[in-house]
Every structure is written in C-alpha cells, then in structure tokens.
Amino acid sequence: LITGISFIAVSSCIKDDSEELKANEKKALENYILANNITVTPSETGLYYIETLAGTGDLAQTGKWIEINYTGRLVSNNRVVMSSDKQVAKDNSIFVENVYYGPTRLILGNTPYDGLNQGIARMKEGGKSRLIFSSDLGIGGNSTPIIPPYSSFIFDIELLNVIPSPRRFEDSLLHAYLTANEFSLDSTDSGIYIKEITAGEGNYPQKYNEVSVTYTGKFLNGNVFDGTGKSFSFRIGSDGVIKGFEEGVKMIKKNGSATIVIPYYNAYGEYGRVDNQYRSVIPPFTTLVFDLKVTEIIAK
C-alpha cells in the first residue's frame, strides 16, 4: 500500500492550527477561483472537478488499481510540488535521483488526499481532469519541506489505465516487450527471460563465487532506474540481490553479456520498493530489464 501512495506521501508532519493560516488559505482559494473564471459548482465536500478531456474507457473504481500521470501545484503561489513527469520535476527543482517517474500505479482510495480519491473516481479511462481542493481534502495542517500547512491544491490528472488485474496487465506488457525485442517467449527454469549478446568464456558462475558485473537497469518503457554501466560485485547465494538478477548472472560467463527480463514476481513483487522517505523507486507489479556484463568470477 505504501508504494502505491508514496508519490504524495507526507514526508514531514508539522501541525499548526493557526486560524490565520486557515483564513489565508480560504482567501487564496477564493481569489484563484475568481481570477481563473472557474464556474463549475463544487461538490458537497468542496471539490472543484473540471473535466478537460472526456474518457471513453472504464470508470475508475475505489479499491481498484489504476495508472495515472499527475502534476500537483499549490493554489497560493502556483508552485509545482509533485509530478510524475521527470522533466516537469527537473524544471521545477523538485527532481529526486532514483525516485520513480512515469505512469504511476496505485489503488484508488489509498492516497492521503481525499480530493484526489474523490476526483479520480469520477473519471473514465483515457480522460483528463483538473482537481482543485482545499486542505480539508488534502493534508490539513500537516506540511512537508515544500508544502506549507493549510495548503489548497490544483492537480492535473490523466487516467491512463483502469486495471482490473495488475498481474494480467503487467503480463500483457511483458509479452508485448518480449515480442517486440525478439526474446524467446519461453522463460528459463528460474522464471526469467534472457537474450545473449556476447558468449563469454570459461565456466558459468557457481554458488559462493564472487562475481563482478556492470549493468544498466531499465523499465519496459526504456526508462533507466539504475546503473548506466554501473559496476557491482556480490557473492552468488548470499541473497544480496533480487532473485531474478542472480539467476541471470549465473547464465553469463566471464566477459559475456546479455539482456535479462525479470518479471515482477522475481523482482520486487506486488509491493515494489520505496526509499527511506517512502518514495516509490520500483512501482508495484513491475517488470525489470537489465543489460548485464560479467567482468570477473572469483571462486571462494
């Protein structure tokens, strides 16, 4: 659950019940609505829902998996404070190295922003909307280093996919990738897919061997999440790496190279991976692709 909501998790909670801050927020929101000629009637909870592109697919449902693109700004100063778009994050000086950017998979209803939960639940697959809401539907008097207490938000949301089954959804993406990149559709006994680039020499790595590799880790869409020729050493059988990575290395001889595709169940599973601030690094149900070269095998 944490992985699915980590892109908007509160990283620092500082409570401030100042009536002055609440009054300032109310005034700023009212001014924004007037200045931008927003004429939609807010919901009973205070959510302004503005559909910018009607979706034609399935309706998003609370408790079900969805995939979205998003950018969130503050009403008070129009500052971008979160985005799934890497370039937007860089342009607004909020980019964090090794944090996941791209289509974000989550369970609708599990974000701490009720405004998002309520707004996305009105969208259909393929649709876009703008959601405007006060801190009552946000994080209230809590704050982060870049979000003041009692902040109103503007979220631009694109609902990319409504996902009845994340397993089947990821399997379809995996199959399409393997076909497009001319991999065998039969996995190895260990449950990975491998395409040899260079044969290598000598013996394959064995249990307890110390192995040095260079690697680049990517998602199915080609986005790099780790490496770019990064060097790394580990001992076979030490549980120092994910299962699929070790199994792939065991199939490459010294000075050999290959591309391996690791389904989510041999990688970070249905929960993914977060950093020490609960920001998503590997999304849930995510297939990983590694370009690998084994540079050294040392028997122990």
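Points to keep in mind about this one:
- The residue that is surrounded by the most Cβ atoms within 10 Å (Cβ to Cβ), counting only those in the stretch 265-284 that are among the aromatic types (Phe, Trp, Tyr) and under 13 Å from residue 100 (Cβ atoms), is 268.
- Among the residues of the stretch 289-298, not a single one is free of Cβ contacts under 8 Å to residues at least 60 places away in the same chain, touching a Lys or Arg at 6+ places or on another chain (Cβ under 9 Å), surrounded by fewer than 20 Cβ atoms within 10 Å (Cβ to Cβ) and not small (Gly, Ala, Ser).
- Residues (part of a strand (DSSP E or B) and within 20 Å of residue 139 (Cα to Cα)) located in the stretch 33-58: 48, 49
- Within the stretch 183-222, the set of residues being on the phi > 0 side of the Ramachandran plot, in contact with a Pro (Cβ under 9 Å, 6 or more places away or on another chain) and open to solvent by 60 Å² or more (accessible area, probe 1.4 Å) is empty.
- If you go through the stretch 171-203 and keep only what is hydroxyl-bearing (Ser, Thr, Tyr) and at pLDDT 95 or above, you end up with 172, 177, 179, 193, 198.
- Verdict on residue 158 being part of a loop (DSSP other than H, G, I, E, B) and among the charged types (D, E, K, R): no
- In the stretch 131-146, the residues that are hydroxyl-bearing (Ser, Thr, Tyr) and part of a loop (DSSP other than H, G, I, E, B): 134, 143, 144
- For the stretch 59-82, taking the residues that are in a loop (DSSP other than H, G, I, E, B), under 22 Å from the mean Cα position of the chain (by Cα) and not polar (S, T, N, Q), the one that is surrounded by the fewest Cβ atoms within 10 Å (Cβ to Cβ) is identified as 63.
- For the stretch 228-245, a residue qualifies if it is open to solvent by less than 40 Å² (accessible area, probe 1.4 Å), farther than 18 Å from residue 272 by Cβ and in contact with a Phe, Trp or Tyr (Cβ under 7 Å, 6 or more places away or on another chain), and the qualifying residues are 236, 237.
- In the stretch 91-119, the residues that are within 17 Å of residue 130 (Cα to Cα) and assigned to a loop (DSSP other than H, G, I, E, B) form Cβ pairs under 6 Å with partners that are modelled with pLDDT of 90 or more and β-branched (Val, Ile, Thr), at six or more places apart or across chains, as follows: 108/62; 108/66; 108/120.
- Taking (1) among the hydrophobic types (A, V, I, L, M, F, W, C); (2) modelled with pLDDT of 95 or more; (3) open to solvent by 90 Å² or more (accessible area, probe 1.4 Å) in turn, residue 47 satisfies each apart from (3).
The values are calculated or read from the model by the stated rules, or taken from the named source; none is laboratory data. Keep in mind it's a predicted model, so treat the numbers as computed, not measured. Heads up, the Cβs are rebuilt from the backbone with ideal geometry, glycines too, and the neighbour counts pull from every protein chain shown. What goes into the accessible areas is simple: the full protein's heavy atoms, side chains included, and nothing from ligands, DNA or RNA. Shrake-Rupley method; radii C 1.70, N 1.55, O 1.52, S 1.80 Å.
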